[in-house]
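Values in this text are rule-based calculations from the coordinates and carry no lab data. If you're wondering where the values come from, they're calculated on a predicted model, not measured in any experiment. Using ideal geometry, Cβ is built from the backbone for each residue, glycine included, and neighbour counts are taken over all protein chains shown.
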Amino acid sequence: MPLPDDEHWVLSYYRMSEINGSLFFGRLARALKPSPIQHDLTRHFADEAQHAWYWTDCLERLGSPPIKLSDAYQDQYLEAAGLPVNMMEILAITLVFERRVINQYARHLAVPGVRPEVKETIDRIMADERWHVQWVRDALTGMEDRYGKDTIAETLQRFKEADREVYAKTLAEHEERLGFLLRSKEEST
Amino acid sequence: MSAPAAEEVMARIAEVLGIPDSRVRPEVPLADLVGESYPLVEMAIELQDDYDVIFTQADLSAVSTVGDLVELVRSRA
């Protein structure tokens, strides 16, 4: 039996966000000269592509092939926070975004009766997401001499505020579709 | 690091964007060459990596033409 529309849309949205992340990091990985950041960014790019595949496979196993969606979560970041214009800003927005992803997937795992296929997919992704947060945080620490510790902290704060704004906007726009996730949070509190 | 020649930076911009050198002239608005946000980010990162410089949002906000961008690179290098 195919998935309910809401769940079908949410899982397809996750897939699209992973694809967009992969394409973004792939372009950056191609642009950078050899360095530790080039190394880790390339692995990050490959992980995001793999995650998009995990969601594609998961959706197909659940009898509901991915919906083609035109927008993804990341697109709204640029509107809210402005374009990241240097490597430090890109890593700062990535750190904020990765934390949001972990939070969102954890929220999904808390849905009562979460499907085994979905749980398995999120569990596989979460193992990578923890590494993503770690390498980006370490890279930002390594940039303190070049960009300034205060500038990095201010940039992180700016993107955190944008993230809160975008997440609230996304919840408001897709309230009906995300209802099953929101209700699970209310039930657990 | 001494400032790179303007011609060199313009040639690099053309290479990064994958367009003919002849389209990258100082008076050309960047918006005519880069229609989307992501290629602009990619180009900014590549130029900073190539010339070991840092751009800020304020820097790029003040840039509207190829010539502005070339001068920004040259002034920081």
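Here are some notes:
- Residues whose amide H falls under 5 Å from that of B:T65, counting only those 5 or more places apart or on a different chain, are B:L30, with hydrogens built in the peptide plane.
- Placing dummy labels 7 Å off each Cα toward the beta-carbon, the span from A:A49 to A:W131 is 1.5 nm.
- Mean separation of Cα contacts under 8 Å (6+ apart) over length of chain B, as relative contact order %: 45
- Per-residue mean of C-beta atoms belonging to partner chains within 10 Å, peptide A:21-33: 3
- Taken over segment A:52-189, the convex hull of the Cα atoms encloses 128 Å³ per residue.
- Modelled this way, with points 7 Å down the Cα-to-C-beta line, the labels at B:S75 and B:E27 are 2.2 nm from one another.
- Mean projection area, nm², convex hull over Cα of segment A:19-69: 3.5
- Size descriptors for segment B:6-76: radius of gyration and Dmax over Cα atoms are 10.7, 29 Å.
- Mean separation of Cα contacts under 8 Å, 6 or more apart, over the residue count of segment A:43-189: relative contact order %: 36
- For the protein assembly as shown, the extents of the C-alpha atoms along the principal axes are 63, 38, 32 Å, listed from largest to smallest.
- With Cα atoms as the point set, the radius of gyration and Dmax of segment A:95-164 evaluate to 15.2, 48 Å.
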